[in-house]
């Protein structure tokens, strides 16, 4: 499948929330669950999406919007799985904005999608400040990054609906303390579940899949009732 | 040693280059080499600085400016080594700016420093856009982040004077291909040396120390001649 590339320059910030509401409205009409995937560069966002497609594609129809400053590396990988994918290139902007997602939505076969992942630009700071119209924010913290990150980058950890601790297969090789991380989160965000997993080995993926399926079902039910 | 904390809000961007020139002038007068340390969150910036202090403190007088959105975790660690350190808290801003460094310089014993590290906020995008008055930019790419990052975050790789591939002790556990990374850099930046190392084991640290010592010597010589 050929990958579509949209090159989009930064928009005026003030309009972002209104655009996000428009995206939300469209997604509510279609019954699509949109998940904003947030993390540092190299935390394993694309690997998580690929492993989730593999694990859930027989139960949910998945679509992907890839956000990067440059390149189509991630969209090319997703495209090989056969799911619909759009690459947004932000041309320097350090985060996705709602108007970029709006253009991507217009280029996706929405009637064939139940669950839409938006992989944001790798950035633990700026991406937390821009809503896209997503139902949920899911952030990844990878084991090699260390367990002290909530203290240094608090907004992302406050804003997220779920924390995935990724690359748990390499826990024996790093000083990451899951208990210390869980304690650090208590002061910032009591509601977000913390799910340790490894996209490489598959360990811990089931709770993540179950959470996604439950949220996708809720979204469908809300749409059919309205 | 008690850690000083400066909380500084974002300044108007246009003034940044002029402020950077003022910092540069001050550092030239004092013969201090200032290194801007840039990387994603959790790439090992603080560990590198700590290992460099340990390895070089008998040969160079080192000082550190720590940049974080919040917390004094990194400055507390540096402080335990006995070198002078200032923590800048940016209060949400995703990068350091020259006026923040200017205030930190005013709070450091500059007559006792040959080599000054500025650890920037963990961010592979925005920090590349703001000069601080540094002599050199040194970026870290950690093995767990992956070798494809130059394609996705090109500006940082174009702007840097040196690339340190950090956490090389875990190379056996990741798919990072040093040769592929070196090839990727050829299109972006032919001049920056690429130094693979591990701050944890000490492997590969000597070329980094040698580079720092040579640059610090050049800076001193330029000052004594002027």
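The values are calculated or read from the model by the stated rules, or taken from the named source; none is laboratory data. Computed from a predicted model, the values in this text were never measured in an experiment. When we count neighbours, we look across all protein chains shown, and the Cβ atoms used for this are built from the backbone with ideal geometry, even at glycine.
What to note about this one:
- Exclusive hit being within 16 Å of the chain's Cα centre (by Cα) and more than 23 Å from residue A:167 (Cβ to Cβ), set A:124, A:96: A:96
- Condition broken by residue A:191, with the remaining ones in (1) surrounded by fewer than 18 Cβ atoms within 10 Å (Cβ to Cβ); (2) within 11 Å of chain B (Cβ to nearest Cβ) satisfied: (2)
- Those residues of the range B:39-59 which are surrounded by fewer than 19 Cβ atoms within 10 Å (Cβ to Cβ) and in contact with a helix residue (DSSP H, G or I) (Cβ under 6 Å, 6 or more places away or on another chain), in sequence order: B:55
- Test for residue B:144: is it under 19 Å from the mean Cα position of the chain (by Cα) and in a helix (DSSP H, G or I): no
- Yes/no for residue B:107 being more than 10 Å from the chain's Cα centre (by Cα) and away from every other protein chain (no Cβ under 14 Å): yes
- Residue match in the range A:31-42 (condition: outside any loop (DSSP other than H, G, I, E, B), over 25 Å from residue B:94 (Cβ atoms) and at pLDDT below 95): no
- Across the range B:166-201, the number of residues qualifying as in a loop (DSSP other than H, G, I, E, B), touching a helix residue (DSSP H, G or I) at 6+ places or on another chain (Cβ under 6 Å) and under 15 Å from residue B:146 (Cβ atoms) comes to 3.
- Lone qualifier among A:65, A:53, A:86, A:49 - being part of a helix (DSSP H, G or I), at pLDDT 95 or above, within 20 Å of residue B:149 (Cα to Cα) and away from chain B (no Cβ under 14 Å): A:49
- Matching residues, the range B:87-112, being farther than 16 Å from residue B:22 by Cα and surrounded by fewer than 18 Cβ atoms within 10 Å (Cβ to Cβ): B:91, B:92, B:109, B:111, B:112
- When A:155, A:124 are checked against the criterion of being within 10 Å of another protein chain (Cβ to nearest Cβ) and part of a loop (DSSP other than H, G, I, E, B), A:124 stands alone in meeting it.
- Flag for residue A:150 being surrounded by 18 or more Cβ atoms within 10 Å (Cβ to Cβ) and in a helix (DSSP H, G or I): yes
- Counting the residues of the range B:158-173 that are more than 8 Å from chain A (Cβ to nearest Cβ) and either crowded, with 18+ Cβ neighbours inside 10 Å or touching a strand residue (DSSP E or B) at 6+ places or on another chain (Cβ under 7 Å) (or both) gives 9.
- Residue-level analysis places residue B:75 outside the set of residues that are buried (at least 16 other Cβ atoms within 10 Å of the Cβ), within 11 Å of another protein chain (Cβ to nearest Cβ) and either modelled with pLDDT of 95 or more or within 16 Å of residue B:123 (Cβ to Cβ) (or both).
- For the range A:126-147, the tally of residues that are touching a helix residue (DSSP H, G or I) at 6+ places or on another chain (Cβ under 7 Å), buried (at least 23 other Cβ atoms within 10 Å of the Cβ) and farther than 17 Å from residue A:23 by Cα stands at 7.
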